[in-house]
């Protein structure tokens, strides 16, 4: 069994550090976003949020925000980010039971890798897939659906033997688009109506391992 884990809102509560870097990047550009605290959600791509939050946002502005966000986010050590208790225990148990485990995230590759090293995840997960990991080559930036498709191709996984664990709608629709099962975790940033789109839902990290093992038995 191959299991792909979202990062923001699934493995860790990253919201505070992400918001701080976003606000710093907005300030650098002199951009005011009055409803930021109300409307911002960690999880979607930076560009998706930029166009949602900023009236009249252009692709050039979104690109500048991405550059500024990275400058503020990647090297600060993620002081406000916290792992969700018990989630990595479930990942390790699953790995010990023979599953292959990966991270699949909309997060920028540089930031995701820096965080993986900071928390020691690079020693747990077999690999990390991020939406912009091929931004500078022929593949280009990837949607979550395309990212999972690439991961399946590179890992040799069969969709019917794979699952995506995440917290927001994009995780579940990407899994469905690739013929994969999905597990929605309620401790993240997704709303109840988003979690309803997952194949299964768990409300407690302690139940995640059990749910994945049960899912493995029916895949």
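The values are calculated or read from the model by the stated rules, or taken from the named source; none is laboratory data. Every value quoted in this text rests on a predicted model; they were computed, and no experiment measured them. All Cβ positions, even for glycine, are placed from backbone atoms using ideal geometry, and neighbour counts span all protein chains on display.
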Fill in the blank from the handout: Checked the stretch 146-161 for anything modelled with pLDDT of 95 or more and surrounded by 15 or more Cβ atoms within 10 Å (Cβ to Cβ); matches are 146, 147, 148, 149, 150, 151, 152, 155
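Would you confirm, using the coordinates I've provided, whether residue 94 is touching a strand residue (DSSP E or B) at 6+ places or on another chain (Cβ under 8 Å) and at pLDDT below 95? Full working, then the answer.
Details: touching a strand residue (DSSP E or B) at 6+ places or on another chain (Cβ under 8 Å): yes; at pLDDT below 95: yes.
In short, yes.
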Fill in the blank from the handout: Only one of (1) buried (at least 21 other Cβ atoms within 10 Å of the Cβ); (2) farther than 16 Å from residue 13 by Cβ does not apply to residue 190, and that is (2)
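Can you tell me how many residues in the stretch 131-145 are touching a helix residue (DSSP H, G or I) at 6+ places or on another chain (Cβ under 7 Å) and either modelled with pLDDT under 90 or within 20 Å of residue 179 (Cα to Cα) (or both)? Steps first, answer last, please.
Keep residues of the stretch 131-145 that are touching a helix residue (DSSP H, G or I) at 6+ places or on another chain (Cβ under 7 Å), which gives 131-133, 142, 144-145.
Next cut, either modelled with pLDDT under 90 or within 20 Å of residue 179 (Cα to Cα) (or both) only: 131, 142, 144-145.
Result for the stretch 131-145: 4.
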Handout entry: Answer residue from the stretch 76-127, given it is assigned to a strand (DSSP E or B) and in contact (Cβ under 8 Å) with a residue 40 or more places away in the chain and is farthest from residue 20 (Cα to Cα) among those
Key = 100
Completion exercise
For the stretch 1-34, the count of residues that are over 19 Å from residue 129 (Cα atoms), assigned to a loop (DSSP other than H, G, I, E, B) and touching a helix residue (DSSP H, G or I) at 6+ places or on another chain (Cβ under 8 Å) equals 3
Practice task
Inspect all residues belonging to the stretch 41-54 and state whether any of them is in the same structural domain as residue 183 (by TED's automatic domain parsing), in contact (Cβ under 8 Å) with a residue 12 or more places away in the chain, on the phi > 0 side of the Ramachandran plot and surrounded by 16 or more Cβ atoms within 10 Å (Cβ to Cβ).
Solution key: no
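More than 22 Å from residue 42 (Cβ to Cβ), touching a strand residue (DSSP E or B) at 6+ places or on another chain (Cβ under 6 Å) and in contact (Cβ under 8 Å) with a residue 24 or more places away in the chain: is that true of residue 175 in this structure?
Details: more than 22 Å from residue 42 (Cβ to Cβ): no; touching a strand residue (DSSP E or B) at 6+ places or on another chain (Cβ under 6 Å): yes; in contact (Cβ under 8 Å) with a residue 24 or more places away in the chain: yes.
Spelling it out, it is not the case that residue 175 is more than 22 Å from residue 42 (Cβ to Cβ), touching a strand residue (DSSP E or B) at 6+ places or on another chain (Cβ under 6 Å) and in contact (Cβ under 8 Å) with a residue 24 or more places away in the chain.
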Problem - Pairs with Cβ under 7 Å, 6+ apart, first in the stretch 1-17 and over 19 Å from residue 144 (Cβ atoms), second assigned to a helix (DSSP H, G or I) - result: 1/161; 1/216; 17/73
